[in-house]
Amino acid sequence: ILDEISMLSRTFFATLSRNICLLKTGSDEGEPFGGINVLICGDFHQFPPVASKRMAALYYPNDPTNVKETVEDQLGRGIYESFHTVVILHEQVRIEDPTWRTFLTHLRNGDVDGTDIDMLRSLVLTNPHCEETDFSQPPWSDAVLVTPRHTVRTQWNEAASHRHCARTGVQLFHCPAEDTIKGRSLSMLERLMVAQKKTRQSRNRQEHGGLPHQVDIAIGMKVMVTLNVDTELDVANGTRGELIDIVLDPREPPIAHEQEVTLKYQPVYILVKLEHTKAVGLTGLPENVVPIQPLSRSFQIQVPVRENGGSQHMVARTVSRRQLPLTAAYAFTDYRAQGQTIQHVIVDIASPPTGSELTLFNIYVALSRSKGRQTIRLLRDFDERLLFKAQVPELETEDNQLRAWDKQTKSWWKQMAAIASANGINL
C-alpha cells in the first residue's frame, strides 16, 4: 500500500517497481512490482513530489518531444496507467463544517469566488469581524501554527518553548549535535564547512542526514518526531507527543540551576507520550510512552586541502552526526502538515517575501488540516490572487479520468455482486 501518492514522482514509481520486481523474481523484467498486489492511495491535489522537476507527478502524461523526460519518467507513467480499478472516497471524516467543505472543494478545483474570499478573511486574526479567540485558554492554548516559511516555524517554536519553560519553571536544555569524522572531533575548518552547509539547508532539508544542528528539549514540551524511528510502533516522521522525561548521559557535568542549559553530551534517551501509537504498555512504561534515543546519520562535506605547498583542492569527508530526531511541535511547515489532523490550528498563507510563490497545493493542504471555521484561524491577511489561480490542466484531465475509472469500477462491482448473489454468496 503506497499512501500520499501525490508525492511520488514518475521516476521513483518506476524505481520502486523495478526494485520490488528484483526482490520477488530475481529480474527487473516482467510484471510491474513483480506481480504483487499494489494499492495506491492519496489525493493528487496535495503536494507534488518534493525536490523534483515540475512535471514529475504521476498525472503528467509522457511527452516524447520533451528532451528532459527520461526513460524512467516514461516507464513510471506507463506503470501508473495500468491502474484501472479506481475507488473515489466520498465520505469526509475530518471536515465537519459543510461551508468549509464546500470552500475546500472550490479551492481544490480552482473555482474560488468572492464569497469564499470574504468567508476566509473573516478568520484572519487581525480582522475586526473575526470571532474572538482566547489563546490563553484551552482549546486554543494548544493550537498549532502551520506555515510555508521555515524561518517563521523556527522562531515560533523557539518563542513557544521559552514560554512553556517560563510558565512551568522547567529547564530548557540545548542539545548540540555530536559531529565526528572517523571517531574524532571536527577541526575548526571542518566545523566551518558544516556551518556553510547548514546555510544551504533551505534548499535541501536532508543535507545533514535529516538531523538538525541543535535540538531544544524540556519536560512537558510538545514535540514531533522528524525521522522514521520505529514504524511498527508508529514512531515515525510526523508523529507528535509530549516529552515527559529526560535521561542525561552519566558523563554530563552537574547541571546549573539556570533556566537554559547547553548539554555537553547527548541524552541517553528521552521519554515521549505519543498522541497515537501502537505501543501498548511497553514494559515498565506508562501507556503510549516510548523511549527515543539519539540517531546517527552521515553526510559529506568538501574541505579545502593544500598538500606539500601545492595548489589547493577540495577533499570529500564523511561526517557522522548523532542527534535526537525531534523538533518542537508548536509550529511546523505545510509540507510536514500533510496527512495530519490538527484539532485547533493557526494557518499562515501569506506569500513569502522571497523564494518560491505559494501554489494551490500549499494553500489546500494548510487549510484542510482541521474540522472547519470553528477550529481554524488565519495568522494574517493573504494575497487573494493566489486563490483565484486555475488548477494545473494535467491534474484536471487526471481527475476526469479517475472519475471515469471509478464509474467503471462501480459497474464491475455490481456485476460481480449480482453473480455472487445468484450463487448464494453475499459480498
- Message: Which condition from (1) more than 27 Å from MET314 (Cα to Cα); (2) surrounded by 13 or more Cβ atoms within 10 Å (Cβ to Cβ); (3) among the hydrophobic types (A, V, I, L, M, F, W, C); (4) over 20 Å from the mean Cα position of the chain (by Cα) is the one that MET224 breaks?
- Response: (4)
- Conditions (1) part of a helix (DSSP H, G or I); (2) over 25 Å from ALA236 (Cα atoms) -> PRO352 fails only (1)
- Task: Could you grab the pairs with beta carbons closer than 7 Å, sequence gap of 6+ or different chains, first residue in the stretch 389-407 and farther than 18 Å from MET7 by Cα and open to solvent by 50 Å² or more (accessible area, probe 1.4 Å), second one of a type outside the set (D, E, K, R) and in a helix (DSSP H, G or I)?
- Result: LYS389/LEU360
- Task: Say whether the condition of being part of a helix (DSSP H, G or I), aromatic (Phe, Trp, Tyr), open to solvent by 70 Å² or more (accessible area, probe 1.4 Å) and at pLDDT 90 or above is met by at least one residue in the stretch 326-345.
- Result: yes
- Message: Yes or no: the stretch 370-388 includes at least one residue that is open to solvent by less than 10 Å² (accessible area, probe 1.4 Å) and under 17 Å from the mean Cα position of the chain (by Cα).
- Response: yes
- Query: When the stretch 99-115 is examined, which residues are found to be without any contact (Cβ under 8 Å) to a residue 60 or more places away in the chain and open to solvent by 50 Å² or more (accessible area, probe 1.4 Å)?
  - Reply: THR102, THR105, HIS106, ASP111, ASP113, THR115
- Message: With more than 27 Å from GLY238 (Cβ to Cβ) and either open to solvent by 40 Å² or more (accessible area, probe 1.4 Å) or without any contact (Cβ under 8 Å) to a residue 60 or more places away in the chain (or both) as the only criterion, which of VAL87, VAL38, VAL67 stands out?
- Response: VAL67
- Query: In this structure, is GLU72 farther than 12 Å from THR11 by Cα, modelled with pLDDT under 95, out of contact with any Leu (no Cβ under 8 Å at 6 or more places or on another chain) and not hydrophobic (A, V, I, L, M, F, W, C)?
  - Reply: no
- Entirely in the stretch 128-194, the strands (runs of 3 or more DSSP E) that have 3 or more residues that are over 30 Å from GLN302 (Cβ atoms): 144-147
- Answer from ALA418, ALA366 - the residue that is exposed (fewer than 12 other Cβ atoms within 10 Å of the Cβ) and either farther than 30 Å from TRP156 by Cβ or in contact (Cβ under 8 Å) with a residue 60 or more places away in the chain (or both): ALA418
- Could you list, in sequence order, the residues of the stretch 247-281 that are closer than 17 Å to ASP216 by Cβ and more than 31 Å from the chain's Cα centre (by Cα)? GLU252, ILE255, ALA256, GLU258, GLN259
- Working carefully through the options ARG317, ARG321, find the one that is touching a residue at least 60 places away in the same chain (Cβ under 8 Å), of a type in the set (D, E, K, R) and open to solvent by 40 Å² or more (accessible area, probe 1.4 Å). ARG317
- Message: Can you go through ASP249, ASP334, ASP348 and tell me which one is out of contact with any His (no Cβ under 7 Å at 6 or more places or on another chain) and free of Cβ contacts under 8 Å to residues at least 24 places away in the same chain?
- Response: ASP249
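The values are calculated or read from the model by the stated rules, or taken from the named source; none is laboratory data. Quick caveat: nothing in here was measured; it's all calculated off a predicted structure. Using ideal geometry, Cβ is built from the backbone for each residue, glycine included, and neighbour counts are taken over all protein chains shown. For accessibility, only protein heavy atoms count, side chains too; no ligands or nucleic acids. Shrake-Rupley method; radii C 1.70, N 1.55, O 1.52, S 1.80 Å.
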